[in-house]
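Here's the structure we're looking at; comments come further down.
Only the coordinates and a few stated rules stand behind these numbers; no lab work does. Predicted, not measured: the structure shown is a model, and the values here were computed from it. As a convention, Cβ positions derive from the backbone with ideal geometry for all residues, glycine included, and neighbour counts pool all protein chains shown.
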Amino acid sequence: MNQYDPRRSGNPAKRAAAERLAAAGGPSRITWRDWVGGARLRTLPLSVAPVLVGAGLAHMLQSFSWTLSLLALGVAVFLQIGVNYANDYSDGIRGTDEYRVGPTRLTGSGLVNPKRVLATALVFFALAVVCGLVAVVLSGRWWFLAIGVVAILAAWFYTGGRRPYGYAGLGEVAVLIFFGPVATVGTVRLQSDLEAQEPWIASIGVGLLAVAVLVANNTRDIETDRAAGKRTLSVRIGDRASRVLFVVCALLPFAVPAIYSPAYPGMVLVWLALILIVPACVIVLWARSARELVLSLALTSLGALAYGALLGAAFAF
């Protein structure tokens, strides 16, 4: 069986990466840890948090279903992992990862055949589709199929296609929409036809925390993204404005428990998420290295999970 040799790739970025690795005596084979790293597990709390909020709101509306909530969680998590592998593939074949710093990417490193990375992304997209189809059949809400198609297209064209919108500074808008109203309100509407304002307002809070994570990531990569021609929002507005934007996106979600505290006493517990969020804000404002910004990203992701769990519980109980 012929082994994939990235040094003979038609992609100059992959050839260069592979040649550097070979010259440095670097790793010659991929391991399961590299594949786990490609899933970018630190981002998964962002897909779990809105489902937790939506499940809590469904419980508040007396329409909670374990089955539908778990299926919604499956859609969110599998789709997120699929997006992460798809981004690895698209950035790698485009040559963007030739300029980046940080953890090694599967495709950009030249260690893995890009087709394997793409196939892995498609497998997770397929798992998300299966969970979504089962949820639609059980709930009878067939209009969710259209939302599913839009979500998958948005996931792919974030960094894929000829003109990825993530390269044009629109990633934050998409993250706010899909990690906010789509995931949160979607989880509620999958289980209930009752109209309420709480799902919409709460969804903005959890969506903004996901945006904060993306801003921290893009602030770290401003120089390398600029060199690669990737015009993220952080590249467009600069380092200082990006740091301020992070703080706004990380703290503004706490307006939600402030608004609903009179009606839902459990909202006081949501403020505990600030134990993670405030240090992340301090780090971002004064960070001088990429490592510090990676730490703030991890803290914000965990803070988003705590926020989602506590907010969902406050609405439910």
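When only Cα pairs under 8 Å and 6 or more residues apart are kept, what is the percent relative contact order across the chain?
Taking the mean separation of contacting Cα pairs over the length of the chain, I get 23 percent.
So for the pair Ala126, Ala255, with labels modelled 7 Å out along Cα→Cβ, what separation do we get in nm?
Each label point lies 7 Å from its Cα, and together they span 4.4 nm.
As a check on your grasp of the helix formula, calculate [θ] at 222 nm for the chain: sum -39500 (n - 2.57) over DSSP H runs of n ≥ 4, divide by the residue count, round to the nearest 500.
So the helix-based figure for the chain works out to -21500 deg cm²/dmol.
Rg and Dmax in Å for region 38-85, alpha carbons only: what are they?
Taking only Cα atoms of region 38-85, I get Rg and Dmax of 11.8, 39 Å.
Explain nothing, just the number: dipole magnitude of region 142-261 about its Cα centre with +1 on each Lys and Arg Cβ and -1 on each Asp and Glu Cβ, in debye rounded to the nearest 20.
Magnitude of the dipole: close to 540 debye.
Out of every Cα-Cα pair in the chain, what percent are more than 36 Å apart? All intermediate terms of the calculation are to be shown ahead of the outcome.
On the way: 9746 of 50086 pairs.
I get 19 percent for the Cα pairs in the chain exceeding 36 Å.
Apply the membrane-span-like helix rule to the chain: whole DSSP H runs, Cα extent along the own long axis of at least 30 Å, mean Kyte-Doolittle hydropathy at least 1.6. List the helices found.
114-139
Which residue fluctuates the most in the chain, going by a Gaussian network model with Cα springs under 10 Å, if the choices are Arg94, Arg236, Arg33?
The residue that fluctuates most here is Arg33.
Counting other Cβ atoms within 10 Å, which chymotrypsin sites (Phe, Trp or Tyr not before Pro) in region 202-297 have at most 12 and lie in a DSSP loop?
none
Looking at region 158-199 from every direction and averaging, what is the projected area of its Cα convex hull in nm²?
Computed as one quarter of the Cα hull surface, the answer is 3.7 nm².
GNM on the chain, C-alpha springs below 10 Å: top fluctuator among Pro50, Pro279, Pro199?
Pro279
Net charge near Gly54, counting Lys/Arg +1 and Asp/Glu -1 over other residues with Cβ under 11 Å of its Cβ?
Result for the neighbourhood of Gly54: 0.
Give me the dipole magnitude in Debye, nearest 20, for the chain about the Cα centre, with unit charges on the beta carbon: positive for Lys and Arg, negative for Asp and Glu.
About 1080 debye.
Around Cys249, what is the net charge, scoring Lys/Arg as +1 and Asp/Glu as -1 over all other residues with Cβ under 13 Å from its Cβ?
Neighbourhood net charge equals 0.
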